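S.K.: Just dropping this structure here.
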Amino acid sequence: MSRLEAKKPSLCKKEPLTSERVRATLCVLKGIVTSCYGPSGRLKQLHNGLGGYVCTTSQSSALLSKLSVTHPILKILTTSVQNHVTCFSDCGLFTTILCCNLIEHVQRTGLTPTTIIKLNKHLLSLCTSYLKSEACGCRIPVDFSRTQILLCLVRSILTSKPACMLSGKEIDHIGALILRAFLLTIPENAEDHIILGKSIIVPLKGQRVIESTVLPGILIEISEVQLIRLLPAKKPGPLKVALFRTSLSGDLSDTGEGTVVVSDGVSLENAVLDLLINLGKQLVSDHVDLVLCQKVIHPSLKRFFSTHRVIAIDRIGVTLMEPLSKATGTQPIGALGAISPSSYGSVEDLCSAKFGSKHFFHLVPNESTICSLLLGNRNDTAWDELKLTCQTAVHVLQLTIKEPWVLLGGGCTETHLAAYIRYKIHNEPESILKDGGCTQTELQLIAEAFCSTLESLAGSLEHDGGEILTDMKYGHFWSVQADSPSPVNWPGLLSRCGCGIYNSQEELSWCFLRSTHHPFALETCLPHEAVGSANNLTLDCFTAKLGGLQAAVETANLILDLSYVIEDKN
C-alpha cells in the first residue's frame with residue numbers, strides 16, 4: 001500500500017514581477033528569442049537530453065512549441081505568442097521581444113500598474129491609428145497587378161530564416177515559386193467573395209533547392225512498380241473519379257460499436273468480398289475511370305478494377321482528402337452501399353511524373369485552385385525549416401489579399417513609430433491627457449519607455465556589435481559595421497536604411513539610436529519613385545505585424561496586472 005501524504009497548501013506569491021527569479025527567467029527568454037531575430041539571427045538547437053530528434057531553428061513557431069516552460073508568467077507569454085502565430089504565422093519573435101522589452105522598460109518608471117496599463121493602451125491606440133491612416137510613412141500599398149512588392153515580401157521572409165541555408169540565387173528561385181503557388185490558389189473568376197485554394201508541399205528531400213518546382217493539381221506518390229502496372233489502364237480525355245474515405249480492404253474496423261450477427265454456415269469474409277465486388281461492378285457500370293481510396297483496397301477488388309481498365313490508387317492518406325475533393329469535385333464516399341451519382345467528380349488528365357528517385361501520379365484538374373509545391377533542400381533539418389518558412393510565406397500572402405498593405409521592414413517601422421510617438425507626445429499631449437487619470441510627467445515617462453521598447457526591438461537586428469543610427473528626417477534604421485572607422489562622414493559609411501528605401505546620399509543627418517535628441521517632425525510621404533524602382537526592399541506583413549503589436553502590448557498589460565500567482569503543488 002502506498003504511503004499517504006498530507007495535502008500541501010497552495011503556494012501564493014504576491015506581486016510576481018518584483019521577484020528576482022521571475023525577472024531573471026523573463027530575461028533568459030528574451031535573450032533566447034532576441035538572439036534569433038532577423039537575417040543574421042543565431043540558430044538554436046532543441047533536443048531531449050536522452051537523445052531523439054534535434055530541431056535546429058530560429059523560428060518562433062518551432063522554438064516556443066519545443067521550449068519547456070513551467071513558470072505561470074512565461075506560460076502566459078508563450079501561449080499568447082503561439083496563439084498569434086497560429087492566426088498569422090509571422091512576427092512571433094517580434095511579438096515576444098516587444099512584450100519582454102515593454103515589461104522591462106515600464107517597470108523602471110516606478111509608476112503604478114494601473115497607470116502604466118492605461119497609458120500603454122493609449123499609446124497602442126496611437127500606433128494602430130497611425131499605421132492604418134493614409135498619412136502613415138512606413139506603409140506601402142500592394143498592387144496585385146505587379147509582382148514586385150509581393151516578391152520583396154516573400155524574399156524578406158526567406159532571408160530572415162537562416163536555418164533554411166539558402167543562397168541568394170536559391171532565395172530568388174524559391175521566392176518566385178511561392179508567389180506562383182499562391183497565385184495558382186486564386187480562382188480565375190473571382191468576384192467580391194474570394195475562396196482561396198490550397199498549395200500542397202511535396203517533399204523532395206535530398207534534391208537540390210534549385211530543382212524545386214510548382215505544378216497545378218495534385219501529386220500522389222507511388223512506387224515505380226505500381227506506376228508501370230497502372231499506366232496501361234489510362235484513358236484519354238476527362239476521367240471520372242470516385243473518392244473513398246472508408247476502407248475497401250474488407251475488414252470490419254469501420255463498423256463501429258455493436259454486435260455483428262452472422263447466420264450459420266455463412267462465410268463473413270466471402271460476404272464482405274461479394275459486397276466489395278458488387279461495389280466495383282457499380283463503379284464500372286457508372287463508367288468510373290479512377291478510384292482513389294484514403295485507406296486500403298482489397299487485392300481482389302484491385303484485380304477486378306484492373307480487368308475493367310479502372311485505375312485504383314489506395315493509401316492516399318487523410319492529408320490529401322480535402323484537396324482531392326476540391327480538385328476533382330467529388331464527395332468523399334464513406335459507406336459500401338449504393339453510391340449516388342452526385343458523389344463522382346472528374347479530372348482533366350492523369351499523367352506520371354518523376355522527380356529525383358520519386359514517382360508520382362499527377363492529377364490535372366479541369367479548373368482548380370489546388371497546386372503542388374515540390375520542395376527540395378540539402379538535408380532533413382534545412383528542409384523542415386524551409387517547409388515551415390514556405391507555409392508562413394503563403395499564409396502572409398493570403399493575409400495581404402484581405403489587407404493590401406505592407407510595412408517597411410529592417411527595423412525602420414519600429415524606429416519611425418518611436419520618432420512619431422515622441423513628437424506627438426511632445427507637441428500634442430492633450431489628446432491623451434484629456435481623458436484624465438495621469439499627469440504630463442507620467443505620460444512622458446511611459447511614452448519614453450514605450451519608444452525605448454520599440455528602439456530596443458529594432459536594435460535586436462544587430463548581432464555583431466555594429467552601431468545603430470536613426471536619421472532625423474524619416475526616422476529610419478541605419479546600421480554601421482562594428483569595425484568601421486571613426487564617424488567623420490556618415491554618408492561615406494552608410495549605404496541604405498534597414499528597409500532599403502532610402503540611401504545615404506540624400507541630405508540627411510543622423511544620431512545614435514536611443515541617444516538624447518529633441519523630438520522632430522517626420523517626413524511621412526513615401527516617394528513613389530523609390531517604391532516603384534526598389535527591387536530589394538525589406539518588407540513585413542501589415543496584418544501580422546499589427547496583430548503582433550497588439551498582442552505584445554495586451555499580454556504585457558495582463559502580466560503587469562498580476563498581483564498574485566497561486567500554484568497548487570499537490
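S.K.: What are the ³J(HN,Hα) couplings of the range 158-173, residue after residue, when phi is run through the Karplus curve with 6.51, -1.76, 1.60 and θ = phi - 60°? Round to Hz, x for glycine and proline.
M.R.: 5, 6, 7, 10, x, 5, 5, 6, 9, 7, x, 5, 5, 4, 4, 5
S.K.: Also, I was wondering about something else. Relative to the present Cα-Cα distance, how much length would full extension add between Ser340 and Arg303 at 0.36 nm per residue of separation?
M.R.: That works out to 10.9 nm of additional length.
S.K.: Based on the Kirkwood radius over alpha-carbon pairs, what value in µm²/s does the Stokes-Einstein equation return for the translational diffusion coefficient of the range 360-417 at 25 °C and 0.890 mPa s?
M.R.: Reported coefficient: 165 µm²/s.
S.K.: Return the sequence-ordered ³J(HN,Hα) values of the range 273-289 in whole Hz as given by the Karplus equation 6.51 cos²θ - 1.76 cosθ + 1.60 applied to θ = phi - 60°, using x for Gly and Pro.
M.R.: In residue order, the calculated couplings are 5, 4, 5, 5, 5, 4, 4, x, 5, 5, 5, 5, 5, 8, 6, 6, 9 Hz.
S.K.: DSSP loop trypsin sites (Lys or Arg not before Pro) in the range 83-150 with at most 15 other Cβ atoms within 10 Å of their Cβ, which ones?
M.R.: For trypsin sites (Lys or Arg not before Pro) across the range 83-150 that sit outside H, G, I, E and B with at most 15 neighbouring Cβ atoms in 10 Å, the list reads Arg108, Arg146.
S.K.: Let me ask another. Please compute the per residue accessible area over the range 330-456 with all protein chains in place, 1.4 Å probe, rounded to a whole number of Å².
M.R.: Normalised by residue count, the accessible surface of the range 330-456 is 37 Å².
S.K.: Here is a follow-up. Got a number for the accessible area of Asp464? Probe 1.4 Å, square angstrom, nearest 10.
M.R.: Approximately 100 Å² for this residue.
S.K.: Extending each Cα 7 Å along its Cβ direction at Asn48 and Tyr564, get the distance between those two points in nm, one decimal.
M.R.: Distance between label points: 3.8 nm.
S.K.: Report the equivalent ellipsoid semi-axes for the range 382-503 in whole Å, largest first, defined as the square roots of five times the eigenvalues of the gyration tensor built from alpha carbon atoms.
M.R.: Semi-axes from the Cα gyration tensor: 30, 25, 14 Å.
S.K.: Next question, about the same structure. DSSP loop (so not H, G, I, E, B), at most 12 other Cβ within 10 Å: list which GluC sites (Glu not before Pro) in the range 307-396 pass both filters.
M.R.: Glu367
S.K.: Right, another one. Of the cross-linked pairs Lys235/Lys358; Lys14/Lys121; Lys402/Lys545; Lys13/Lys75; Lys30/Lys402, which ones have a Cα-Cα span greater than 20 Å in the structure shown?
M.R.: Lys235/Lys358; Lys14/Lys121; Lys30/Lys402
S.K.: Ignoring ligands, DNA and RNA, please state the percent of accessible area on the range 153-217 from carbon and sulfur, probe 1.4 Å.
M.R.: 53 percent
S.K.: Would you calculate a helix-derived [θ] at 222 nm for the chain, using -39,500 (n - 2.57) for each DSSP H run of n ≥ 4 and dividing by the full residue count, to the nearest 500?
M.R.: -13500 deg cm²/dmol
S.K.: Still on this structure, I have one more. At a 1.4 Å probe radius, carbon and sulfur cover how many percent of the accessible area of the range 1-113?
M.R.: 57 percent
S.K.: Roll a 1.4 Å probe over the protein heavy atoms and report the accessible area of Glu448 in Å², nearest 10.
M.R.: 80 Å²
S.K.: I've got another one for you. How high is the FRET efficiency between Thr70 and Gln226 when r is their beta carbon distance and R₀ equals 60 Å, given to the nearest 0.05?
M.R.: With a Förster radius of 60 Å, E is 0.75.
S.K.: Considering the zone a paramagnetic label at Leu275 would reach in this model (a point 7 Å from Cα along the Cα-to-Cβ line), which residues of the range 284-320 have amide N under 14 Å from it?
M.R.: 298
S.K.: Moving to a separate point now. Compute the acute angle (0 to 90°) between the alpha-carbon long axis of helix 542-560 and the principal axis of greatest extent of the alpha-carbon atoms of the chain; round to the nearest 10°.
M.R.: Compared with the principal axis, the helix lies near 70 degrees.
S.K.: What angle, in degrees between 0 and 90 and rounded to the nearest 10, separates the Cα long axis of helix 20-34 from the longest principal axis of the Cα atoms of the chain?
M.R.: The angle comes out at about 70 degrees.
S.K.: Tell me, how many Å apart are the Cα centres for the range 454-475 and for the range 300-335?
M.R.: 56 Å
S.K.: Also, quick follow-up: Need one value: the accessible area of His287 in square angstrom, 1.4 angstrom probe, rounded to the nearest 10.
M.R.: Roughly 140 Å² of His287 is accessible to a 1.4 Å probe.
S.K.: Further question: From the P(r) of the range 84-192, can you give the percent of Cα pairs sitting at distances over 25 Å?
M.R.: When every Cα pair of the range 84-192 is considered, 47 percent fall beyond 25 Å.
S.K.: Starting at the first residue of the range 389-398, write each ³J(HN,Hα) from the Karplus equation 6.51 cos²θ - 1.76 cosθ + 1.60 with θ = phi - 60°, in whole Hz, x for Gly and Pro.
M.R.: Whole-Hz 3J(HN,Hα) from phi for the range 389-398: 5, 5, 4, 4, 4, 5, 5, 4, 5, 5.
S.K.: What accessible area per residue, rounded to a whole number of Å², is obtained for the range 21-163 using a probe radius of 1.4 Å?
M.R.: Averaged over the residues of the range 21-163, the accessible area is 42 Å².
S.K.: The range 1-93: which trypsin sites (Lys or Arg not before Pro) are DSSP loop and have at most 16 other beta-carbon atoms within 10 angstrom?
M.R.: Those that pass, being in a loop and sparsely packed, are Arg3, Lys7, Arg42.
S.K.: Under 5 Å between amide hydrogens, which residues at least 5 positions from Cys499 or on another chain qualify, with H placed 1.01 Å from N in the peptide plane?
M.R.: HN-HN under 5 Å from Cys499: Cys412, Phe477.
S.K.: Sticking with this structure for a sec: Thr441 to Asn503: FRET efficiency via 1/(1 + (r/R0)^6), r the Cβ-Cβ distance, R0 56 Å, to the nearest 0.05?
M.R.: 0.90
The values are calculated or read from the model by the stated rules, or taken from the named source; none is laboratory data. Everything quoted here is computed from the prediction, not taken from an experiment. Using ideal geometry, Cβ is built from the backbone for each residue, glycine included, and neighbour counts are taken over all protein chains shown. Surface accessibility is based on the protein's heavy atoms, side chains included, excluding ligands, DNA and RNA. Shrake-Rupley method; radii C 1.70, N 1.55, O 1.52, S 1.80 Å.
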